[in-house]
Amino acid sequence: MTYKNILVTGGAGFVGSNLAIKLKLDYPKLKITCLDNLKRRGSELALPRLREAGVEFRHGDIRNPEDLQVDEADLILECSAEPSVLAGIHSSPAYVINTNLLGTVNCLEQARRHKADILFLSTSRIYPMDKLNQLEYKESSTRFELLEDQTLPGASSKGISERFPLAGPRSFYGATKLASELIINEYSESYKVRAIINRCSVITGPWQMGKIDQGVFVLWLAKHYYKKPLAYIGYGGTGKQVRDFIHIDDLYRAVKVQLDNFDDYAGTEVYNIGGGLANSVSLQELTKLCEEVTGHKVKIESIKENRPADVRIYYTDSSKFLKKSGLSWQKDISTMVQDVYGWIRDNEIALKPLLS
């Protein structure tokens, strides 16, 4: 690790705080500053964890360029986002656009002025909803599954690769992240800002404040733990929609490899990073796992009407990154469920008003 001073935006969020703490543990001499506006409920719980780890916290907002003035920072780890796929659909999109796009531009300006590198966490949601929902699939007793033969490039039974077509609507969240990717490429070309772009699938693990539109794995387990009702929404209301996940510990391992070998990953390439078919699960399958670990069954309503911006199946083909890095994912679905369950159990009282 050649960096001496890292600025983590979205640094009190689930991803930013965990990456910052893990980096500080592995590189104690690093100075790490976490910037966050604390808008998301539950982010305040990260503050004592950051302080205990020796990470500095700064209350600020990436929409305000002056809040990013950490002049000595030689790397920006851009984890900030309004992460809801429903953001702006039933209300003004101003906040999601200003946070996810203007905020990235502000980060890039900071990097340009101070010759800092940037690692940007994008999302699998940049892939268009209509094209994902056009993919050939079969239906089993518990899930929908992608077929091997597809008419669209970048899609197979292994999942979605970086070659998947990008034309089409994708939600304001996905659109702002894709726009940020394009702007990053322009800064790299025009100003030689070194950048890495990772398109992440669902990231999950302990300390995520799950909601129905972001962090669904944690939410599902928490609702079982606290014996609260749930609903299978859309695609027949049977809970067969499928997503893959990457555990925060595996994401950290991926980011660490990239930071230790920045030149090998920087440039106009993008990397899909997700658990893939092996770490994919349907809501119906997740329900069974949650019942087993908690010992609780909850009422689950069936709603056949599809939600806006939803997709039937998404899991990641991370072959490009895994081959280049030599990594393999260590945290499978059962480990993830056990990790999240243990965290909720150990923090039951503090988390109840947030997750139940």
Here are 78, 139, 109: which of them is closer than 24 Å to residue 255 by Cβ and open to solvent by 30 Å² or more (accessible area, probe 1.4 Å)? 109
Of the residues that sit in region 240-281 and are more than 18 Å from the chain's Cα centre (by Cα) and of a type in the set (Ser, Thr, Tyr), which one is nearest to residue 330 (Cα to Cα)? 265
Residues in region 30-45: is at least one in a helix (DSSP H, G or I), closer than 23 Å to residue 259 by Cα and of a type in the set (D, E, K, R)? no
Among the numbered conditions (1) under 20 Å from residue 117 (Cβ atoms); (2) within 22 Å of the chain's Cα centre (by Cα); (3) part of a loop (DSSP other than H, G, I, E, B), tell me where residue 76 comes up short. (3)
Extreme residue, least open to solvent (accessible area, probe 1.4 Å), among residues of region 152-164 that are part of a loop (DSSP other than H, G, I, E, B) and polar (S, T, N, Q): 161
Please verify whether residue 274 is farther than 24 Å from residue 327 by Cβ, touching a Ser or Thr at 6+ places or on another chain (Cβ under 8 Å), open to solvent by less than 30 Å² (accessible area, probe 1.4 Å) and at pLDDT 95 or above, treating the condition exactly as stated. no
Go through 240, 227, 256 for me and flag whichever is at positive phi and not aromatic (Phe, Trp, Tyr). 227
Any residue at all in region 243-262 that is under 30 Å from residue 326 (Cβ atoms) and either modelled with pLDDT under 95 or among the polar types (S, T, N, Q) (or both)? yes
Of all residues in region 87-135, how many are β-branched (Val, Ile, Thr) and in a helix (DSSP H, G or I)? 6
Across region 46-75, which residue is farthest from residue 209 (Cα to Cα) among those that are touching a helix residue (DSSP H, G or I) at 6+ places or on another chain (Cβ under 7 Å) and open to solvent by 70 Å² or more (accessible area, probe 1.4 Å)? 71
Selection count where residues are open to solvent by 10 Å² or more (accessible area, probe 1.4 Å) and either within 27 Å of residue 117 (Cα to Cα) or of a type in the set (A, V, I, L, M) (or both), scope region 202-211: 3
Please list, ordered by first then second residue, the pairs with beta carbon atoms under 9 Å, 6 or more apart or interchain, first in region 52-72 and more than 24 Å from residue 101 (Cα to Cα), second assigned to a helix (DSSP H, G or I) and open to solvent by 70 Å² or more (accessible area, probe 1.4 Å). 53/25
Count, please, the residues in region 166-207 that happen to be charged (D, E, K, R) and assigned to a strand (DSSP E or B). 1
If a residue has to be under 16 Å from residue 106 (Cβ atoms), over 21 Å from the mean Cα position of the chain (by Cα) and either without any contact (Cβ under 8 Å) to a residue 24 or more places away in the chain or open to solvent by 20 Å² or more (accessible area, probe 1.4 Å) (or both) to count, how many in region 165-197 make the cut? 3
Give region 8-45 a look and list any residue that's among the aromatic types (Phe, Trp, Tyr) and open to solvent by less than 40 Å² (accessible area, probe 1.4 Å), or say none. 14
So is residue 328 open to solvent by 60 Å² or more (accessible area, probe 1.4 Å), modelled with pLDDT of 95 or more and in contact with a strand residue (DSSP E or B) (Cβ under 7 Å, 6 or more places away or on another chain) or not? no
If we ask which residues in region 58-96 are in contact with a Gly (Cβ under 9 Å, 6 or more places away or on another chain) and either closer than 22 Å to residue 125 by Cα or among the charged types (D, E, K, R) (or both), their number turns out to be 17
One residue from 318, 302, 280 being open to solvent by 50 Å² or more (accessible area, probe 1.4 Å) and modelled with pLDDT of 95 or more: 302
Please determine whether any residue of region 240-253 is among the polar types (S, T, N, Q) and surrounded by fewer than 18 Cβ atoms within 10 Å (Cβ to Cβ). no
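The values are calculated or read from the model by the stated rules, or taken from the named source; none is laboratory data. A quick note: this is a predicted structure, and the numbers were derived from the prediction, not measured. Using ideal geometry, Cβ is built from the backbone for each residue, glycine included, and neighbour counts are taken over all protein chains shown. Remember, those area values only see protein heavy atoms, side chains included, never the ligands or the DNA or RNA. Shrake-Rupley method; radii C 1.70, N 1.55, O 1.52, S 1.80 Å.
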